[in-house]
1. Tell me yes or no: at least one residue of segment 49-64 is touching a helix residue (DSSP H, G or I) at 6+ places or on another chain (Cβ under 9 Å), part of a loop (DSSP other than H, G, I, E, B) and without any contact (Cβ under 8 Å) to a residue 60 or more places away in the chain.
2. Considering only segment 37-59, how many residues are over 12 Å from the mean Cα position of the chain (by Cα) and either modelled with pLDDT under 95 or small (Gly, Ala, Ser) (or both)?
3. Does segment 12-28 contain any residue that is exposed (fewer than 11 other Cβ atoms within 10 Å of the Cβ), of a type outside the set (S, T, N, Q) and outside any helix (DSSP H, G or I)?
Amino acid sequence: MYNRDTKRAAISAADAVMATVKKAGAAGAPLGPIYAALQERIGCSYSQFEALMSTLEGLGCIRRTAELAFYVPSQR
């Protein structure tokens with residue numbers, strides 16, 4: 001379905017988003033600049049960005065509001 005390079009790119013994008021959101025701390029990370037950076041650096045479309053963010057949210061890694069993403073610490 002997807003080749004290894006595509007999988008690596010998706011994992012790298014998710015890692016970068018998680019690092020950004022975690023670094024933002026309690027203030028949250030603005031979603032607009034995150035999307036803009038992904039669009040500029042890897043050509044990420046808005047639907048791809050939404051899919052990535054929805055996946056991270058569904059996995060419990062982040063929580064989102066309309067404009068911000070917040071890191072959710074692991075419950076392990």
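The values are calculated or read from the model by the stated rules, or taken from the named source; none is laboratory data. Here the structure is a predicted model, which means the values were calculated and not measured. In this analysis, Cβ positions are derived from the backbone assuming ideal geometry, glycine residues included, and neighbour counts consider all displayed protein chains.
1. Yes - at least one qualifying residue is present in segment 49-64.
2. Going through segment 37-59 one residue at a time, the tally reaches 5.
3. Checking segment 12-28: not a single residue is exposed (fewer than 11 other Cβ atoms within 10 Å of the Cβ), of a type outside the set (S, T, N, Q) and outside any helix (DSSP H, G or I).
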